[in-house]
Every structure is written in C-alpha cells, then in structure tokens.
1. Could you look through the range 38-81, keep only residues that are modelled with pLDDT of 85 or more and of a type in the set (Asp, Glu), and pick out the one that is surrounded by the fewest Cβ atoms within 10 Å (Cβ to Cβ)?
2. Can you go through 71, 47, 84 and tell me which one is in a strand (DSSP E or B), of a type outside the set (Ser, Thr, Tyr) and closer than 18 Å to residue 21 by Cβ?
3. Search the range 83-98 for residues being touching a strand residue (DSSP E or B) at 6+ places or on another chain (Cβ under 7 Å) and touching a residue at least 60 places away in the same chain (Cβ under 8 Å), and hand back the single one that is farthest from residue 47 (Cα to Cα).
4. Looking at the range 6-16 only, could you name the residues that are closer than 16 Å to residue 86 by Cβ, touching a residue at least 40 places away in the same chain (Cβ under 8 Å) and either in a helix (DSSP H, G or I) or among the aliphatic types (A, V, I, L, M) (or both)?
5. Looking only at the range 23-39, count how many residues are more than 17 Å from residue 56 (Cβ to Cβ), of a type outside the set (D, E, K, R) and without any contact (Cβ under 8 Å) to a residue 40 or more places away in the chain.
6. Among the numbered conditions (1) at pLDDT 95 or above; (2) in a loop (DSSP other than H, G, I, E, B); (3) polar (S, T, N, Q), tell me where residue 91 comes up short.
7. For residue 94, are the conditions met, namely being closer than 21 Å to residue 7 by Cβ and under 14 Å from the mean Cα position of the chain (by Cα)?
8. So residue 60 passes all but one of these: (1) in contact with a strand residue (DSSP E or B) (Cβ under 8 Å, 6 or more places away or on another chain); (2) of a type outside the set (Gly, Ala, Ser); (3) in contact (Cβ under 8 Å) with a residue 12 or more places away in the chain; (4) farther than 13 Å from residue 22 by Cα. Which condition number does it fail?
Amino acid sequence: MKAIIVKPVITEKATLDQEKHGRFTFIVNKTANKIEVKKAVEEMYGVAVESVNTVSYGVRKPKLKYTNRGVSYQTEKAYKKAIVILAKGDTIDLYGSI
C-alpha cells in the first residue's frame, strides 16, 4: 500500500490556519485523491474530517542556483498539498512527538 500522507506542513501560515480555523495542511502522495486523504487522516489521527481540499503543484520552471560547482539551472519537484478541515472540537497534536 502506498503512503498517502508524506508529512505535515509546519510553517507560520499553516500553524496560524490551524489555530484560527482548524485547518491542517499535509504534503500527500501525488496520486492520492480526496477520499484516500480523508480516510488516511481519520485513521492516523483518530479525528472526524469535514472536508478536504487539494492543490497540485507541477514542476516549476528552472531557477538559477549557485552551487559549489558553479551556476546551474535547477527545477523544483512536483508535489501535492491537502488542506484538511476537521469537525468542530477535533484537533491534531502535530508537536506531541517532538
């Protein structure tokens, strides 16, 4: 079975969204759909998911990067992000294992 949830997104914007609106952001497998993401979050964290929104980011255009070997053009990898809205009263403790 493929891993649906790759990792949670821990940024200032995502953390603020968690605190104010109860929306949690995850990087997910590129082939996962909304139903699979919902089942994976409910199974992994034991919460009730109200809705899931997904955003796919394709391969970005090459950017100029400065490396040890000189200047080169590099592209960012494609990924998919899921924004999960939980039911009222549910929350996920992402910092519990740190």
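The values are calculated or read from the model by the stated rules, or taken from the named source; none is laboratory data. Remember, it's a predicted structure, so these values are computed and weren't measured experimentally. Because the Cβ atoms are built from the backbone with ideal geometry, glycine has one as well, and the counts that use them run over all protein chains shown.
1. 43
2. Exactly one residue qualifies, and that residue is 84.
3. 83
4. Across the range 6-16, the qualifying residue is only 9.
5. 0
6. It fails just one condition, (1).
7. Details: closer than 21 Å to residue 7 by Cβ: yes; under 14 Å from the mean Cα position of the chain (by Cα): yes.
When the stated conditions are applied, residue 94 passes them.
8. Against the list (1) in contact with a strand residue (DSSP E or B) (Cβ under 8 Å, 6 or more places away or on another chain); (2) of a type outside the set (Gly, Ala, Ser); (3) in contact (Cβ under 8 Å) with a residue 12 or more places away in the chain; (4) farther than 13 Å from residue 22 by Cα, residue 60 comes up short only on (1).
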